[in-house]
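The structure under discussion appears below in the form of structure tokens.
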Amino acid sequence: MTATTTHRRLRTEIPGPASRALQQRRAGAVAAGVSSVLPVYVTSADGGLLTDADGNTLIDLGSGIAVTNVGHAVPAVVDRVRRQAGEFTHTCFMVAPYEGYVEVCEALAELTPGEHAKRSVLFNSGAEAVENAVKIARVATGRQAVVVLDHAYHGRTNLTMALTAKSVPYKHGFGPFAPEVYRVPGSYPFRDTPGVTGAQAAAAAIDRIEKQIGGDAVAAVVVEPIQGEGGFIDPAPGFLPALARWCAEQGALFVADEVQTGFCRTGDWFACEHEGVVPDLIATAKGIAAGLPLAAVTGRAELVDAVPPGGLGGTYGGNPVACAAALGSIETLRAQRLDRAARAIGDVALPRLRALAAETGVIGDVRGRGAMLAAEFVRPGTTEPDPALTKRVAAACHAEGVVVLTCGTYGNVVRLLPPLSLPADVLDEGLTVLEQAVRTEAAA
């Protein structure tokens with residue numbers, strides 16, 4: 001880390017000349033299909049701050065999309081990665097295994113919900129984890145149908161594109177998609193009929209499944225405990241437990257996609273714990289390894305072991321350097337009690353966002369848990385999405401050196417995913433910039 005400041009500092013406009021020059025180089029070499037939220041080119045990062053090629057220091061309220069939960073350049077991660085890279089970087093666990101893979105699986109068995117015997121298999125990305133959870137579910141149940149929810153996002157592989165709800169930019173033009181995927185309504189309290197409970201929303205989803213598929217045909221119901229790209233949708237209380245109970249009754253597997261919600265992001269180690277839901281299989285990635293590519297499927301031993309030897313794996317899955325990073329990340333999450341830190345971030349940010357909503361009239365809903373927070377922008381006095389205002393607010397934050405992200409089926413949600421270790425004064429500064437951006441753009 002070479003940054004010399006612990007606060008936001010702007011030396012140039014955003015992006016500055018060095019970043020603009022790199023952007024020109026990029027245009028001649030990088031595929032146009034890969035987009036970036038903010039065209040500043042990072043040279044170093046520390047804690048919750050990013051320093052770019054022009055020497056600007058920006059507040060990071062995105063964490064690389066919920067990846068750097070422990071912050072950037074964390075000693076426990078850096079030290080383990082350096083040590084492992086100096087010993088060996090790859091053998092392929094399927095050829096010549098190593099202890100780090102086993103240690104990560106042991107940690108996952110301890111940390112994930114449930115006291116049952118568990119097994120894990122490691123991969124490279126969240127999409128791989130979700131896809132392999134579906135593979136395990138189909139083998140273990142002998143069934144084919146997979147149920148997902150409206151507004152879901154599960155990845156960009158062919159199967160996970162089929163699971164994902166939003167067409168543009170994730171699916172349009174990329175079909176045909178994998179078959180035997182069925183979509184049902186979920187729980188979206190802001191947009192559901194007023195007064196609908198979580199149990200009622202689950203009953204509607206279950207009714208659709210039973211009428212259109214049949215419970216005895218369902219291999220798995222795959223659910224994000226809080227939907228991510230769909231808009232940080234936190235389902236009404238009772239929705240997830242009711243869906244999990246139905247799965248158990250029908251012999252279907254309840255699969256929790258905790259790729260974005262996992263590893264203390266929501267104030268619990270895993271978001272399912274909020275209502276005591278114990279998934280049959282849980283897919284994790286993002287926050288597991290502080291930025292190195294690693295993902296996992298963890299589940300009931302008898303289910304995961306239903307797949308015969310050779311049926312799961314991949315050349316790079318559970319890379320030893322990535323496993324070292326995961327062990328350093330888990331060590332940091334535990335030592336710094338970052339589950340508590342996430343809850344503290346929510347305790348600070350949620351009241352400020354709600355006050356901002358009441359003041360400006362352009363935020364229809366403020367929601368989230370821990371350090372996974374969202375503001376949904378609407379036209380005043382309505383629930384009509386306002387993606388244009390959302391885009392302007394995000395751009396105004398970026399111009400002032402605060403990285404925020406947008407999401408939502410309607411493109412009208414600003415999401416906040418700060419590192420869980422973000423200092424209180426940096427969080428305060430970032431929120432102040434966001435508040436001013438909303439006030440300014442709402443009045444424009």
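Just so you know, all these numbers are worked out from the coordinates, no wet-lab data involved. Treat the numbers as computed from the prediction; the structure is a model and nothing was measured. Please note: Cβ atoms are built from the backbone with ideal geometry, for glycine as well, and neighbour counts cover all protein chains shown.
I want to verify a result. In a Gaussian network model of the chain, Cα cutoff 10 Å, which of these has the top mean-square fluctuation: C247, C105, C92? Its mean-square fluctuation being the largest, the pick is C92. Considering only the Cα atoms of region 108-238, their convex hull presents on average a projected area of 9.2 nm². Of V30, V223, V403, the residue with the greatest mean-square motion in the GNM of the chain, using alpha carbon springs below 10 Å, is V30. Applying both filters, DSSP loop and at most 12 other Cβ atoms within 10 Å, to the GluC sites (Glu not before Pro) of region 104-177 gives E115.
All Cα-Cα separations within region 173-332 were binned at 5 Å from zero, giving a P(r) of 2, 8, 15, 18, 19, 17, 11, 7, 3, 1, each value a whole percent of the pairs.
Positive end of the dipole of region 314-444 (Cβ unit charges, origin at the Cα centre): among P387, A326, T360, the Cα lying farthest that way belongs to A326. Residues considered: A219, A374, A31. Largest GNM mean-square fluctuation over the chain, using C-alpha springs under 10 Å, is found at A31. A cut-off of 5 Å between modelled amide H atoms, ignoring neighbours fewer than 5 places along the same chain, links W269 with C264.
Using a/c under 1.5 as the rounded threshold, could you call region 337-444 rounded, prolate or oblate? The axes a ≥ b ≥ c are square roots of the C-alpha gyration tensor eigenvalues, and prolate needs a/b larger than b/c, oblate otherwise. Don't jump to the answer; show the numbers that get you there.
Working: a/c = 1.84, a/b = 1.55, b/c = 1.18.
Cα axes put region 337-444 in the prolate bin.
Percent antiparallel among DSSP beta bridges with both residues in region 75-335, to the nearest 5? The answer is about 45 percent antiparallel.
Remark on K118: its backbone amide H falls under 5 Å from those of A301, a criterion applied only to residues 5 or more positions apart or on other chains, H modelled at 1.01 Å from N. Taking every Cα-Cα distance in region 1-119 and sorting them into 5 Å bins starting at zero, the pair-distance distribution P(r) comes out as 2, 9, 13, 14, 14, 14, 13, 10, 7, 3, 1, 0 percent. Report the Cα centroid-to-centroid distance between region 201-239 and region 267-294 in angstrom, as an integer. Taking the Cα centre of region 267-294 as reference, the centre of region 201-239 is 18 Å away. By the gyration tensor of its Cα atoms, with a ≥ b ≥ c the square roots of the eigenvalues, what is the shape of region 137-189: rounded for a/c under 1.5, prolate for a/b over b/c, or oblate? Oblate is the answer for region 137-189, as a/c is 1.5 or above yet b/c matches or exceeds a/b. Based on the alpha-carbon gyration tensor of region 71-112 and its eigenvalue square roots a ≥ b ≥ c, which shape applies: rounded if a/c is under 1.5, prolate if not and a/b is larger than b/c, or oblate? Here region 71-112 falls in the oblate category. Given in Å, the Rg to one decimal and the Dmax to the nearest whole number for the Cα atoms of the chain are 21.5, 62.
Annotation: lysines with alpha-carbon distance below 20 angstrom to K118 (same-chain offsets under eight excluded): K135.
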